[in-house]
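The values are calculated or read from the model by the stated rules, or taken from the named source; none is laboratory data. Please read these numbers as outputs of a predicted model, since none were measured by experiment. Here the Cβ is made from the backbone with ideal geometry for all residues, glycine too, and neighbour counts use every protein chain on show. The accessibility values were calculated without ligands, DNA or RNA, using every heavy atom of the protein model including side chains. Shrake-Rupley method; radii C 1.70, N 1.55, O 1.52, S 1.80 Å.
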Amino acid sequence: MTEKNVHLQMAKDALKRNDIILASVEATKAIEMDADCYEAYIIRGQISMAFGDKKGAADDFKRALEINPELQEQLNGKYSM
């Protein structure tokens, strides 16, 4: 498992435990290691939505879609701003 994947998994696990701060930190670390880690952008987008940061969420979801356009169908309608 790469270091990026370790941080991504830690972000996912933290999010499941509602440890939003740790999830955000770990997702950001994954992005720092791989700017194309779309899953980390989705996690950060979810966290931004939870805190009412619509611009931050939109930026992260947009970046995830730029990396992986196939996510459009998966994300379509899932998050409303």
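In the range 4-81, carbon and sulfur make up what percent of the accessible area (probe 1.4 Å)? Taking all protein chains in place, the range 4-81 shows 50 percent carbon and sulfur surface. Taken about its Cα centre, the range 23-81 carries a charge dipole of about 300 debye when Lys and Arg each add +1 at the Cβ and Asp and Glu each add -1 at the Cβ. Per-residue surface analysis assigns K54 an accessible area of about 110 Å², computed on protein heavy atoms at 1.4 Å probe radius. Within the chain, how many lysine pairs that are 8 or more places apart, or on different chains, have C-alpha atoms less than 15 Å apart? Number of lysine pairs found: 6. Full extension of the chain between M1 and A58 gives 17.6 nm of extra length, using 0.36 nm per residue less the Cα-Cα distance. Across the range 38-47, coupling constants 3J(HN,Hα) worked out from phi with the 6.51/-1.76/1.60 Karplus curve, θ = phi - 60°, read 4, 5, 5, 5, 5, 4, 5, x, 4, 5 Hz, and Gly and Pro carry x. Projecting the Cα positions of Y41, I67, L22 onto the charge dipole of the range 11-75 (unit charges on Cβ atoms of Lys, Arg, Asp and Glu, taken about the Cα centre) puts L22 furthest along the positive direction.
Over the chain, DSSP H runs of length four or greater, each weighted -39,500 (n - 2.57), average out per residue to a 222 nm ellipticity of -23000 deg cm²/dmol.
Can you work out D for the range 18-68 in µm² s⁻¹ from Stokes-Einstein, where Rh is the Kirkwood radius over C-alpha pairs, the temperature is 10 °C and the viscosity is 1.306 mPa s?
In µm²/s, the coefficient is 151.
With the simple spin-label model, which puts each label point 7 Å out from Cα in the Cβ direction, the Q9 to N68 separation comes to 1.7 nm. Taking all Cα pairs closer than 8 Å and separated by 6 or more residues, the relative contact order of the chain comes to 22 percent.
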